[in-house]
Structures are given as C-alpha cells and as structure tokens.
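Beneath this line is the structure, given in structure tokens, with notes to follow.
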Amino acid sequence: MDQHSLLFQSMVYLAAAILFVPLAKKMGLGAVLGYLLAGVIIGPSVAGFIGKEGEDIMHFAEFGVVMMLFLIGMELEPALLWRLRSAILGLGGLQVVLSTAAIAGAALLLKVPLSAALAIGMIMSLSSTAIVLQTLNEKGWMPTAAGQSSFAVLLFQDIAVIPMLAIFPLLAVNAVASEHSSPSLRDNLPAWGQTLVVLGAVTAIIFAGRYLVRPIMHIIARTRVRELFTATALLMVVAIAVLMNLVGLSSALGAFLGGVVLANSEYRHELESDIEPFKGLLLGLFFIAVGASIDFGLIREQPWLIFGLVIGLMTIKTLVLLGLGKLFKLSTDQNLLFSFALCDIGEFAFVLLSISLQSNILDKQTTGILTAVVAISMAMTPLLMLLYEKLVQPRFTITEKSTRKADEIQDEHNPVIIAGFGRFGSITGRFLRANGIKATILDMDSDRVDALHKLGIKVYYGDASRYDLLVAAGAAKAKVLIIAMDDYEKTTSVVRMVKKYFPNLQMLVRAKDIEDTFELMDLGVLHIYRETVDTSLRLGADALEMLGVRAYHSHRAARTFLRQDEKSIKGLSATRDDKKEFVSALKERIEEMEKLIASDKIRTWLDEGEGWDSSGIRDEATGEPDVPVKK
Amino acid sequence: MARVLINFAHPALEKSRMHAHLVPMIKSLPDITFNDLYEHYPDLDVNVAREQELLSRHEIILMQHPMYWYNAPAIVRQWQDLVLEHGWAYGHTGNALKGKYMSNIISAGSRESEYRKGGRHGFPLQQFLLPFTQTAILCNMNYISPYIIYGVHRMDKSDIIEEVQRLKSVLQKLTSPDFDLTTLDQIQDLNELIQEPIQKA
C-alpha cells in the first residue's frame, strides 16, 4: 500500500467515525453501534471505500484487538483478581465450561467431528470484552450486580484464552499437516512438543517481565523523555508479538501477556496514562473493522444458515447464562442484563478461528461462515442492550414496583423522599435516619434494594423519573426530595418533572461536576451539591493543619473558599452564553476551571483583616496614649 | 493526679504576640495539661465527655485567653454552655468540680491605668470577669482573682520575654510538689505568686 492510499484510508476511517458515532449517540444507540455502523457503511459490502482486498481490514482489526488486549492485560491487577476470585472462578469458569459443552454438543448433533466441535464450543463460549465493557460503561451499569458479574466472567474468559491456545494444537493432532505459510519453530514438532513450546514462550515472557523490564524501564525513566515510555511500551508489545509469531502463536495473546507483565510493574500508571489517549481510538478502529468484516456476500448466499447459527448460538449462551445467574442469586432483571450482555461471541473468536484454520481443525468454509456469525452477534450486542434498556428494564420497574407500591401508599407519608441510595444517597439517608427523620427511599438497583431489605431498611425499587412512582412515593405531601442518583440524565429528568408537577417540593440535588451544576442552575434548582467539594476542602484544611496552620484558621479558610467558589460559579453561570454548544465539553471545563482559579485571589481573601488582627490597634497605641481594648 | 489544667482559647494565635510566646513556654513545663480549645474544636463542636474528663483529673483550672470586647473569645462561652452541665457541674447532684480552684490568665491590650473609673474602659478588668467568678461559685469551686498581663499593645520583644518568665515562675510554683494548695485561699490574685527575682531566659 503506498503512502497515499494509507492516508486516504485513515481519512475514511476517521471521517466515518466522526460522522456516525455522534449520529448513533444522538439516536440513543451508543458509540459502539455507531462504530460498527460506520464500519459496515465504509466496508466492502456497502460503499467499498476501504478494504476491497479484505486483508487490509483484517490487518486493521488485528491491530485493534492487539492493542485492546494489551490494555486489558494492563488492567489485570492481581489485587482486582483476588477481590473477584469467587465470581471469576465460579461464575466465569462455569460459564466457559458449560457453554463450551453445550455448543460442542450441539455441533456434534450437526455431525461436526469431535475435535472441531470442541474447538467451536471453546471459540463460541467467549464473549466480547470490548463491546460489553464499553456498552456497560456507557450506560452506567458497571457498578450494578449484573455489571460486576459480567466483568468477572469476561476476565475469566480473557484468561481462559491462554489454555485454549495451548489446547488447540492438541485438537489438531489428527489433522493434515499445517498449510499456513509463515514458518514457525513448532511446525515440525509433535503435538505435545508444540504445547511445550507454547508454554515455554509464555513462561519466557513472564520471566522477562519480572527480571528484564524493570531495569529497562528504570533507565528510560531516568532519561526524562516522556514519549520514550510510550515507545518502550509499544516496543515491548511488538517484540512479544514477534516472539509469539515465531513460535506460531497469535500476536494478540502476546500483547495480552505484555500487558499483564506491565500491570505488575511500578511504571504501570505512567504507561497507562501515556497510552490512554490511544485506547478509545483504537477500540473504535476495532469496532469499525468488525463492522467492515461482515461479509454480506456470504450472508446473501446462506442467510438462513448464518442467522440460524447466530440465533442458535446466542440462545444456547443465554440459557446457560440465565441458569448461572439464577445459581449465583442475581435478581431477574439483573440476570437478564447479565445474560444479554454476555450472550454474544467475542473478538477472541477471530483470533481463534484463524488459528484453527491454520492448524486445520476447521476448514476454510466453516471459518468463513463462523466469522460472519461472530461479527453479526457482536453487532447485535449493543442492540440487545438497547432492547433491554427500552423494553425489559421499564417492565421490571413497573411489575416489581407495583407489588411493593401498594403497601407503601397505605402507611407512608414521609417528609423526605430520597431518590438514589448508592454511595452518596446512603450517607444522607443514614444521617437522616440517625436523626429520626423518616424517608421514603427509591433506588434503581434491584440487588441493592434486596440487600437493604435484608438489613431491615425499606427501599423501593423503581425509577424516580416516573411520574406515577413519585406520586406513589408521596411526592405531593413530602417536604423535601433528595436526588442522589448516579445517572445524571435521570437526575435532570426528575428535576424537570418535579418542577412541572410538584412545584412546592423542595429539591436537594447531587451534581457531579461544574457542567452538571450549571445545567441544574439553568433548570432553576436552588440547592445543588457538587459531590466532592466538601470532602476535598476538608482534606485541604487538614493538609493546611499538617503544615502547621492553626486548625481554626484552616477551618475558616476552607469555609471562605467554599463561599468564594460558589459565588464564582454563580457568576460564571450568569455569563455563560449560547456558544457553549459549539465548544467541546472538555475544553469548556478546562476554561471554567481556569476562570475559577483566577477568581480565587487567594492572597487577598486569606489576609483580609480578621477581627482578631490587632496590628492596627497596636499602631494606634504606640502613637496615642488612650486606646480601646480591641477594635 | 495532674494538678494544673490550662484551657487555652485564641482564635488567631498566628496573629498574637503575647500568647504565641506564652504557649511554647507552657507546653515545655512537665506537669501542666495544656488544652488548646480552638485547635481541638475548629468548628466549635466541643467534645463534652473529653472536657469533663479533663476537668475531673485536675485540681486547678486556668482559662487562658485574650480579652476581646470585655469578654473571653467565643469558644470559651461555647465550652461553658456545653461542658458545665446541670447535674454534673452544678445543681443538687452536680459535685464533679467541688473544691477545685479556678482562675483566668488574661492578656489585655491596654494598660492597667485605663481599667478604672474615669479611664478609657471605665471599670477594673476584674469586674468584667464577674461571670467567671459566679460560675466558679455556682459550681462549688474556689475562684482566684485572675492573672492579668496589661498593656500588651505597647510591649516590645524584651517586655514580652519578661512576661513569659513571670508566668513561668507562677506555673512552676503551682506545680511544685511542696506547694500547699491552701495557699490559694489566702492570696489576693495569681500575680502574687510571681517569684522574684525573675529568671532570665
């Protein structure tokens, strides 16, 4: 490919992303679907801007997968693994084993040979880390029980790929000699020898990471040239990938291992912040590549087969997941989210499929069809999540609510309603409770609701932005509504509704940052609580104290700062204009931070004469004989 | 049982001259409990249990503070309101402070000559401390007329150091093992305990 067409391709990718992602977001489809859509449109099947030769696209796709696995590896902290160990091993292990068995069984019924059926089972048991995590994050479902369980399962799957890669050569034991072109060290070895080479390479990488990377990174750190860090990280990935290719393994696995090695290094956070900017774009590239790799020609030829396989596979996985969710005591709606999120087939499948093609476990036609199946199922994940959000979740809100709503209306006329009982609202709630104030509590996380029930705290499951639910909670008679929800969009919709239907209800609203604060001010909310301000200032005051400033002075300085800060924010809010729509949110935030800092004028307000400053009186005293005590 | 408790109240010690010098000296004395109220309770949220426990453990309670507007700084009033509980400090069952001695260590910007009839402030400073006197009596304590450092506004560095040594000698006398507590019943005010000659620093 000459330089011109490379630039042209980059332009096409970027333009497509910029065009379709905001469009998809605006339509409520989420960024992942936007990227996928962009890929489909610019891909060979529709517009054909890129990848007419097909191989270019897979190149791009592999690059995206490699980079993503590198980052996932970096996030695999041993401590995190330990905290989630039972979920990862139990839930994740069972998911992989049961799905593999079920899918392999189904394949056997379709008269697929045993080794191929096992390979398909393993490949299809995996889910898409990239799409699922991205979507869960986007919708703010990560902290829910379903989100945490999904994460644990995905983590186990990421790890399970390693033994799978080691097992694959064994499955190919009866197959014809490998026909793939690039020569590797293990070509002429028996199956057990191949497995040994694979394990040896993995061990070598871990060993090198332990004893080689640290000294190198130390030297790089001492040069104090920042970009050298990024360069070193990339070099490591590439070097490991080359090594893996040499022994005939996928470079994706190599990158993953490279990431894990760096996760244990003390330079990890440095590297992460260096690479963070690349992450989003590379993931986007990956999704575009997935979209572009959907072979519509193949689908047109065998639509029934392919869609039958997609639906069949996803149904099997969903059933397995639903069973496991039940076993691990997820409530019905969380279990549905968990199952919908993980019933797709992941990007590892592309890697594993190409390996099974190379080692002749599967033939070319099968892998072609399965690749299309995987791509379609991945594209369906965000759609399924959307379906869940729009259809399933509200239904559960209604049914679960109405059963509990009945006893609420009869006996509760609490002066306070708390919407959102997470890490923010729960503190407020506990405080009011400790002071004998009764509150009606609404929360959207059904598992949290159940857990609180067990502690004897009455919490109602439901979406506080629904009118009927607020009426049921006693909004017409309550004095105060505390909105402490995690989801900011929900917060604004509650605010709007209360303004419209319950104008006498006083609202105390949690805001995340300055952006939210401005918007809430625009909505006419009088009592806004930026969630970290008080804690940050308390910390700042304590820091002043540790530096030797008197406690009372630190305390007053923090109070003064808060007053000043709130005044500045009110000022900024008033001077904001319609330009804000066009300035990027981030840039705007930085600008506002600058304005706030400029308005601090720390010198003037700290030194402004306090009542206890007697220097003025002293000056007078030395001039005149008669002087008042103070002031 | 430790003998002397000093409850210190200064809202802006960093701007003070006299107390900024007195405090390190007091802290260096071995047998004195120094309780810095504003440092402990910057939000004026006085811990009643802790304060009552401190009072119980000491025989001589000295309130050290500057005079602002003929009174003690705000936290002293807060302290009084919260700590001197009915049933504990006074009332039929309030005997916790019975027999203890109480006094004030005070700095005033003006000279003594201004605290008298016809002077700038019209009355002797002791008279402004009437609430302390009666509070001590109500709590079954013996009130000793206060230790006063006058004319702080006009003092230079050497004057201040001299004052520090004077108070040091008083506190040393109060804490010395052979000091007879009943002496306190006979003296006019705490200044009487100043040991001459003053030891130079």
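The values are calculated or read from the model by the stated rules, or taken from the named source; none is laboratory data. All values derive from a computational prediction rather than experimental measurement. Here the Cβ positions follow ideal geometry from the backbone for every residue, glycine too, while neighbour counts run over all protein chains shown.
A compact table of results
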read-out	value
Criterion violated by A:LEU442 - all others in (1) in contact (Cβ under 8 Å) with a residue 60 or more places away in the chain; (2) not in a helix (DSSP H, G or I) satisfied	(1)
Hits in segment B:5-30 - residues which are under 15 Å from the mean Cα position of the chain (by Cα) and not in a helix (DSSP H, G or I)	B:LEU5, B:ILE6, B:ASN7, B:PHE8, B:ALA9, B:HIS10
Residue match in segment A:51-66 (condition: surrounded by fewer than 22 Cβ atoms within 10 Å (Cβ to Cβ), over 24 Å from A:ILE345 (Cβ atoms), more than 29 Å from the chain's Cα centre (by Cα) and at pLDDT below 80)	yes
Set A:LYS111, A:LYS139: member being assigned by the TED database to the domain that holds A:LEU370, at positive phi and of a type outside the set (Asp, Glu)	A:LYS111
Tally of residues being at pLDDT 80 or above and outside the structural domain of A:ALA24 (by the TED database) across segment A:142-181	0
Residue under evaluation B:SER28, criteria (1) out of contact with any His (no Cβ under 7 Å at 6 or more places or on another chain); (2) closer than 26 Å to B:GLN172 by Cα; (3) crowded, with 19+ Cβ neighbours inside 10 Å; (4) more than 14 Å from chain A (Cβ to nearest Cβ), criterion not met	(3)
Every pair of residues 6+ apart whose Cβ atoms lie under 9 Å, when the first sits in segment B:54-69 and is without any contact (Cβ under 8 Å) to a residue 40 or more places away in the chain while the second is surrounded by fewer than 17 Cβ atoms within 10 Å (Cβ to Cβ)	B:TYR68/A:GLY611; B:TYR68/A:LYS631; B:TYR68/B:ALA74; B:TRP69/A:LYS631
Cβ-Cβ under 9 Å pairs, at least 6 apart or on other chains, segment A:524-552 side within 13 Å of another protein chain (Cβ to nearest Cβ) and at positive phi, far side in a loop (DSSP other than H, G, I, E, B) and buried (at least 18 other Cβ atoms within 10 Å of the Cβ)	none
Filter result (away from chain A (no Cβ under 14 Å) and either assigned to a helix (DSSP H, G or I) or hydroxyl-bearing (Ser, Thr, Tyr) (or both)) within segment B:31-72	B:THR33, B:VAL48, B:ALA49, B:ARG50, B:GLU51, B:GLN52, B:GLU53, B:LEU54, B:LEU55, B:SER56
Selection from segment A:260-295 of residues that are loosely packed, with under 14 Cβ neighbours inside 10 Å and at pLDDT 70 or above	A:GLU266
Segment B:107-120, residues that are surrounded by fewer than 18 Cβ atoms within 10 Å (Cβ to Cβ), touching a residue at least 12 places away in the same chain (Cβ under 8 Å) and at the interface with another protein chain (Cβ under 8 Å from one of its Cβ atoms)	none
Listing of helices (runs of 4 or more DSSP H) fully contained in segment B:124-201 that carry 3 or more residues being in contact (Cβ under 8 Å) with a residue 12 or more places away in the chain	B:125-128, B:130-138, B:157-175
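Okay, residues lined up against (1) in contact with an Asp or Glu (Cβ under 7 Å, 6 or more places away or on another chain); (2) modelled with pLDDT of 85 or more; (3) buried (at least 20 other Cβ atoms within 10 Å of the Cβ); (4) within 18 Å of A:LEU309 (Cα to Cα):
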residue	(1), (2), (3), (4)
A:LEU91	no, yes, yes, no
A:ALA102	no, yes, no, yes
A:LEU108	no, yes, no, yes
A:LEU118	no, yes, yes, yes
A:GLY121	no, yes, yes, yes
A:SER127	yes, yes, yes, yes
A:GLN134	no, no, yes, no
